[in-house]
1. Name the pairs whose Cβ atoms lie under 9 Å apart, with the first residue in the stretch 140-152 and under 13 Å from Leu182 (Cα atoms) and without any contact (Cβ under 8 Å) to a residue 60 or more places away in the chain, the second open to solvent by 90 Å² or more (accessible area, probe 1.4 Å) and outside any helix (DSSP H, G or I), and 6 or more positions between them or separate chains?
2. How many residues, within the stretch 63-77, are of a type in the set (Gly, Ala, Ser) and open to solvent by 50 Å² or more (accessible area, probe 1.4 Å)?
3. Given the criteria open to solvent by 100 Å² or more (accessible area, probe 1.4 Å), assigned to a loop (DSSP other than H, G, I, E, B) and within 30 Å of Asn44 (Cβ to Cβ), does Lys104 qualify?
4. If I ask for residues that are touching a Ser or Thr at 6+ places or on another chain (Cβ under 7 Å) and crowded, with 16+ Cβ neighbours inside 10 Å, which ones from the stretch 21-47 would you list?
5. For the stretch 133-166, enumerate the residues that are assigned to a loop (DSSP other than H, G, I, E, B) and open to solvent by 40 Å² or more (accessible area, probe 1.4 Å).
6. Exactly one condition in (1) in contact with a Phe, Trp or Tyr (Cβ under 6 Å, 6 or more places away or on another chain); (2) in a strand (DSSP E or B); (3) open to solvent by less than 40 Å² (accessible area, probe 1.4 Å); (4) in contact (Cβ under 8 Å) with a residue 24 or more places away in the chain is false for Ile118; which is it?
7. Looking at the stretch 96-109, I want the residues that are basic (Lys, Arg) and have a partner that is open to solvent by 20 Å² or more (accessible area, probe 1.4 Å) and not in a strand (DSSP E or B) with Cβ atoms under 8 Å, at least 6 apart or on another chain. Which pairs are those?
8. Which residues, taken from the stretch 48-62, are of a type outside the set (Phe, Trp, Tyr) and buried (at least 17 other Cβ atoms within 10 Å of the Cβ)?
Amino acid sequence: MKTAYLALVFCFFLSFSNSQNKNVAIVEDYVKSFNNKDSIATLNLIHKNFGEYWNTLTVTKNKREHSNYYAWSNIMQDYEEVEVVSATGKKVVVNSTYYSDLDKLLGKMPYKCKKTFIVSNGKILKIISSKNKGYDLYQNKRKSAYIKFKNWLSNTHKLKRRDFKMNQEDALKMKNIVMEYLSETEEVIVERD
């Protein structure tokens, strides 16, 4: 009886561990597909009821909005590196470092945060971003590299960053404006690690 109980507990542990490994693999596949600019594979890993959040604030409320964000990311050549911190149940927590042409052109350091992926039925149901250790100090350094461009954007085009939607059309517009800014100001951008 005791042996049967131990065998049952062991099987449950293996099943639970296997589920966590599958969830980590799903998150890693998502990031890999995103980085390879494979829209079909990326969006196939997203649950039909998908939502993306910054803490409790909704960033994208569905799969369609996420596909618009993906189009922006494709134009900006966004790239993400993740380090898995933990995997428990349906949650996979990672430290994320996010690179983009926009940040690089403006001399900004990459964006860093903690992300929690919630996986359901083999698909990513939610991505919840939040502050990681040292977030505020790091973000202040990132923002300082952006101030000169924001002022120029406002003075030259009467636009603010929030005037750009996260879609392909506005990504192209933003990239052209950044190139105009760089040519007019003859900014020398130093790459940062």
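The values are calculated or read from the model by the stated rules, or taken from the named source; none is laboratory data. These numbers were taken from a predicted model, which means no experiment stands behind them. In this analysis, Cβ positions are derived from the backbone assuming ideal geometry, glycine residues included, and neighbour counts consider all displayed protein chains. In case anyone asks, the SASA skips ligands and DNA or RNA and just uses the protein heavy atoms, side chains included. Shrake-Rupley method; radii C 1.70, N 1.55, O 1.52, S 1.80 Å.
1. Pairs found: Lys150/Lys160.
2. In the first step, residues of the stretch 63-77 are kept if they are of a type in the set (Gly, Ala, Ser); the result is 67, 71, 73.
Filter once more, so that each one left must be open to solvent by 50 Å² or more (accessible area, probe 1.4 Å): none.
So the answer is 0.
3. Values: open to solvent by 100 Å² or more (accessible area, probe 1.4 Å): yes; assigned to a loop (DSSP other than H, G, I, E, B): no; within 30 Å of Asn44 (Cβ to Cβ): yes.
No.
4. Restricting attention to the stretch 21-47, the residues satisfying the condition of being touching a Ser or Thr at 6+ places or on another chain (Cβ under 7 Å) are 30, 33-34, 41-43, 45, 47.
Matches in the stretch 21-47: Tyr30, Ser33, Phe34, Thr42, Leu43, Leu45, His47.
5. The initial filter retains those residues of the stretch 133-166 that are assigned to a loop (DSSP other than H, G, I, E, B), namely 133-134, 145-146, 158-160, 164-166.
Once the filter is applied, which keeps residues that are assigned to a loop (DSSP other than H, G, I, E, B) and open to solvent by 40 Å² or more (accessible area, probe 1.4 Å), the stretch 133-166 yields Lys133, Gly134, Lys158, Lys160, Lys165, Met166.
6. Failing condition for Ile118: (1).
7. That search, which allows pairs on different chains as well, returns Lys104/Ile189; Lys104/Glu191; Lys108/Ala145; Lys108/Tyr146; Lys108/Arg192.
8. Once the filter is applied, which keeps residues that are of a type outside the set (Phe, Trp, Tyr) and buried (at least 17 other Cβ atoms within 10 Å of the Cβ), the stretch 48-62 yields Gly51, Glu52, Thr60.
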